[in-house]
Amino acid sequence: MAKDPICGMEVDEANPAGSSSHQGKTYYFCCEGCKKTFDENPEKHAAGS
Ligand SMILES: [Zn+2]
């Protein structure tokens, strides 16, 4: 399971609601809202994960 960097929920990598690549790493999201939040500011949300 991958962890949604926005809300901390566990997301099934095989069937995520959304995913984004940032600096060579793929992030998975529980819903489109979390993906959108990440995409608006990936630097902030990718840091510390
Ligand atoms: Zn989420």
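Throughout, read-outs are computed from the coordinates displayed, never taken from laboratory work. In this text the structure is predicted, and so the values were computed from the model without any measurement. We place every Cβ from the backbone using ideal geometry, glycine too, and count neighbours over all the protein chains shown.
What is the residue count in segment 22-49 for residues that are of a type in the set (Asp, Glu) and in contact with a Lys or Arg (Cβ under 9 Å, 6 or more places away or on another chain)? Qualifying residue count, segment 22-49: 0. Under 9 Å from the mean Cα position of the chain (by Cα) and polar (S, T, N, Q) - does that describe any residue in segment 25-35? Yes, the conditions are met somewhere in segment 25-35. Being assigned to a helix (DSSP H, G or I) and without any contact (Cβ under 8 Å) to a residue 12 or more places away in the chain narrows it down to one residue among 44, 35; which is it? Within the list 44, 35, the selection yields 44.
Table: residues versus (1) among the small types (Gly, Ala, Ser); (2) within 10 Å of the ligand (Cβ to nearest atom); (3) part of a helix (DSSP H, G or I); (4) touching a Leu at 6+ places or on another chain (Cβ under 6 Å).
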residue: 8; (1), (2), (3), (4): yes, yes, no, no
residue: 15; (1), (2), (3), (4): no, no, no, no
residue: 26; (1), (2), (3), (4): no, no, no, no
residue: 39; (1), (2), (3), (4): no, no, yes, no
